[in-house]
Structure formats: structure tokens, C-alpha cells
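Here the structure is laid out as C-alpha cells; the discussion comes afterwards.
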Amino acid sequence: MAILYVGIDLAKNVFALHAVDEAGRAVLARPSVPRGKLMELVASLPACTIGMEACSGAHHWARQFQALGHTVRLIAPKFVVPYRLSGKRGKNDAADAAAICEALQRPHMRFVPLKSEAQQAQLTVHRARQGLVEARTATINRIRGLLSEFGVVLPLKAATVRREATAALEDLPGQANWVIGDLLSEVHHLDERIAQYDRLIVQMAREDARAQQLMRLGGVGETTATALVATIGSGHEFKCGRQLAAWLGLVPGQYSSGGKARLGRITKAGDPYLRSLLVMGARALLNAAKAKTDSVSRWAIALAERRGYWKAVVAIAAKNVRMAWAVLDRGERFVMPS
């Protein structure tokens with residue numbers, strides 16, 4: 001069989017496979033492939049280009065298929081939907097596999113960077129830490145909500161909630177006293193676990209030369225640097241820094257027509273965790289710029305005065321993304337501006 005392109009719809013137990021030749025004719029269609037038989041089937045195929053949606057387990061399967069000599073491309077699911085001939089009402093595994101195979105052949109299709117096991121291992125640290133941070137925030141808000149039932153209204157600041165909730169324990173009735181004390185203990189336990197992950201992230205940054213170079217950028221610390229390296233690697237999948245900024249949703253959406261450009265708010269596409277880290281770093285840079293006189297600080301202050309605080313923050317974050325791409329793509333050949 002002269003198979004050139006293969007689309008695989010991933011699942012937990014049952015997969016679907018669709019393969020075409022150089023003329024685009026379907027030469028192999030397997031709507032139901034058990035998980036235990038997938039590797040055997042792919043190993044029997046000649047070297048070809050395999051496409052899959054970037055979903056759970058996609059990077060693992062991509063590494064497995066690459067080891068067999070295939071070229072693997074991962075596609076964002078939103079780019080596959082338009083190529084499903086049966087539309088929304090005809091969605092099934094076989095139709096999805098055919099749509100993936102079709103999208104894979106488009107010359108201007110955008111693909112998701114393939115992650116190594118080391119990158120995914122580093123991302124597990126970030127995901128687990130973020131989950132703990134969200135759990136801590138939820139617990140603190142639960143304390144605020146419960147105390148408000150007894151007339152104790154606390155502000156949003158976490159440190160104030162810890163202090164005031166502890167002080168209010170003696171005035172609470174029996175069960176409420178026990179519950180609030182237990183929740184405060186849970187917050188303290190989460191603080192300790194988050195601190196452990198923070199130390200692990202600092203260690204990861206120290207052991208990675210690329211992260212060390214990224215940390216020379218203003219507003220980029222250990223967390224942001226390691227998250228960038230783990231997410232995009234060397235950045236070779238992107239043609240330029242602007243493309244990476246667009247991938248992360250830090251560029252305005254366009255509503256242009258008739259030769260008139262209309263720009264809206266930022267798209268907020270891509271990874272929200274990485275984008276939030278970059279925005280928080282940009283806020284820190286802008287807030288500290290008032291006490292500095294370097295060129296970047298002067299530019300940031302002038303931008304905030306001209307366009308407003310939040311637009312300046314997003315612009316700084318987008319600039320950091322473009323600089324980060326240059327650092328990762330060029331490596332030692334990149335000269336950090338002063």
C-alpha cells in the first residue's frame with residue numbers, strides 16, 4: 001500500500017485510523033482498533049506522516065510512533081473540526097480520523113510542538129502546583145464565606161484572612177470553631193506543599209541553561225522560565241516570536257473587513273496558565289519600572305502613560321514572549337539587550 005498520510009483519532013480503549021495515498025484516496029480505514037493492537041497496526045505501515053489531535057496521551061503516542069520511523073504531527077482539535085465532512089451532526093471516531101487525515105495534508109496547517117518525556121515531567125510539577133494553589137484559594141474563600149454567616153466579613157487578601165480568622169476562632173460556637181480551625185490547618189498544609197513545589201521549580205531552573213538565560217529577561221522568574229521551556233522547548237515550531245505570542249493569545253483579535261482594520265481585545269487563546277504567568281511577570285516589571293532608569297523601564301512607563309496600565313501590561317508580556325522565543329530559538333547566538 002502506498003500510504004502517505006494517516007489520521008488517528010485517539011481514545012482510551014478504542015481508536016480509529018484513516019490512511020490515504022498520494023492521490024488522497026482512502027486505502028486503509030479502521031473505525032475500531034483496540035488499544036492493544038494499535039502499535040502492531042502502526043508498525044506494519046510503511047514510513048508515513050501520522051496526524052493526531054493534541055489531546056490526552058497524544059505526546060506519548062507521538063514518541064512511540066516516531067520510534068517506528070514515522071513522522072508525527074499534532075493538530076489542535078479546533079483546526080480539525082472544519083474538515084469533518086459529516087459536520088456537527090455526523091461526529092464519530094471514523095469521521096474524526098478522516099478529518100484529521102485531511103487537515104494533516106493542508107500546506108499551511110499549524111501544528112502543536114511535540115514534547116519530550118522530560119518536558120512533560122516538568123509540566124506535571126507546574127500542573128500539580130497550580131492545582132494546590134487553586135485548592136488553597138478555594139479553602140480561603142470557604143473560610144471567608146463561613147465566617148460571614150457569623151458576622152465576620154473579611155477582605156480578599158489571604159494574609160488578612162489567615163490572621164483575622166485565627167483571631168475570631170474564640171468567638172465562634174463549638175462546631176464552627178472546630179471547622180474554621182480545621183480549614184486553617186488545611187491552608188497551612190497547602191502552604192507547605194506549595195513551598196515544596198516552589199523549591200523543586202527553583203532547582204529545575206538552576207539545572208537548565210535555557211531557563212537561566214530566560215530569567216535574564218525582566219518579569220521572567222523561575223516559574224515562568226521553566227514553564228516556557230517545558231511547553232515550547234527550543235521554539236523551532238514557531239517561525240517568529242510574534243507567532244508564539246499569537247499562539248499564547250497575547251495579540252488582539254481582528255474584525256477587519258473592506259480594507260479597514262478593526263482590532264479587539266486579546267484572543268486569550270493557548271495555555272491560560274503560561275499566559276497568566278507572563279502577565280503577572282509583566283505587572284511586576286511595570287510596577288518596579290518607576291524606580292529604574294534603564295531603557296526597558298522607560299519604555300514601559302511611557303507606554304502605560306500613553307495607552308493605559310493594562311494595555312501596557314499585555315504589551316510587556318507580548319514583548320517578553322518574543323524575546324523568549326529569540327532566546328530559545330537562537331540559543332547562545334542571541335545577544336540580550338541592555
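With +1 assigned to the C-beta of every Lys and Arg and -1 to the C-beta of every Asp and Glu, and no other charges, what is the dipole magnitude of the stretch 228-338 about the Cα centre in debye, to the nearest 20?
Around 500 debye, computed over the stretch 228-338.
Solvent-accessible surface of the chain, averaged per residue with a 1.4 angstrom probe and all protein chains in place: 56 square angstrom. Within the accessible area of the stretch 1-85, the carbon and sulfur atoms contribute 54%, probe 1.4 Å, all protein chains present.
Can you list the lysines whose alpha carbon is less than 26 Å from that of residue 239, not counting same-chain residues fewer than 8 positions off? List returned: 78, 115, 268, 311, 319.
Quick one: check the C-alpha center-to-center distance for the stretch 262-307 versus the stretch 1-34, whole angstrom. Centre-to-centre (Cα) distance: 45 Å.
Projecting the Cα atoms of 263, 276, 234 onto the charge dipole of the stretch 187-338, computed from C-beta unit charges around the Cα centre, puts 263 farthest toward the positive end. Taking the Cα centre of the chain as origin and assigning +1 to Lys and Arg Cβ atoms and -1 to Asp and Glu Cβ atoms, the resulting dipole is close to 1420 debye. When you restrict to C-alpha pairs under 8 Å that are six or more residues apart and normalise by the size of the chain, the relative contact order lands at 12 percent. Estimated at the nearest 10 Å², the accessible area of residue 37 is 110 Å² with a 1.4 Å probe. In the chain, the calculated helix contribution to ellipticity at 222 nm averages -18000 deg cm²/dmol per residue, counting -39,500 (n - 2.57) for every DSSP H run with n ≥ 4. Cross-link partners of residue 37 among lysines, defined as those whose alpha carbon lies under 17 angstrom from its own and excluding same-chain residues fewer than eight positions apart: 12. FRET efficiency for residue 106 and residue 37, Cβ-Cβ distance as r, R0 = 35 Å, nearest 0.05? With R0 = 35 Å, the Cβ-Cβ based efficiency is 0.75.
In whole angstrom, how long is each semi-axis of the equivalent ellipsoid of the stretch 186-266, when you take the square root of 5 times every eigenvalue of its Cα gyration tensor and sort them from largest down?
The answer is 34, 18, 9 Å, longest axis first.
For the stretch 192-338, what % of the accessible area comes from carbon and sulfur atoms, probe 1.4 Å? Working shown, then result.
Working: 4230 of 8300 Å².
Heavy-atom surface of the stretch 192-338 belonging to carbon and sulfur, 1.4 Å probe: 51 percent.
Judged by the gyration tensor of its Cα atoms, with axes a ≥ b ≥ c, the stretch 210-338 is oblate; a/c meets the 1.5 cut and b/c is at least as large as a/b. Looking at the square roots a ≥ b ≥ c of the eigenvalues of the Cα gyration tensor of the stretch 106-162, which shape do they give, rounded for a/c under 1.5, prolate if a/b is larger than b/c, or oblate? Verdict is prolate for the stretch 106-162. Once you have a ≥ b ≥ c as the square roots of the Cα gyration tensor eigenvalues for the stretch 1-122, tell me rounded if a/c is under 1.5, and otherwise prolate or oblate according to whether a/b is larger than b/c. In terms of gyration-tensor shape, rounded. Dividing the convex hull volume of the alpha-carbon atoms in the stretch 107-226 by its residue count gives 169 Å³ per residue.
The values are calculated or read from the model by the stated rules, or taken from the named source; none is laboratory data. Quick caveat: nothing in here was measured; it's all calculated off a predicted structure. Backbone-built Cβ (ideal geometry, glycine too); neighbour counts: all protein chains shown. For accessibility, only protein heavy atoms count, side chains too; no ligands or nucleic acids. Shrake-Rupley method; radii C 1.70, N 1.55, O 1.52, S 1.80 Å.
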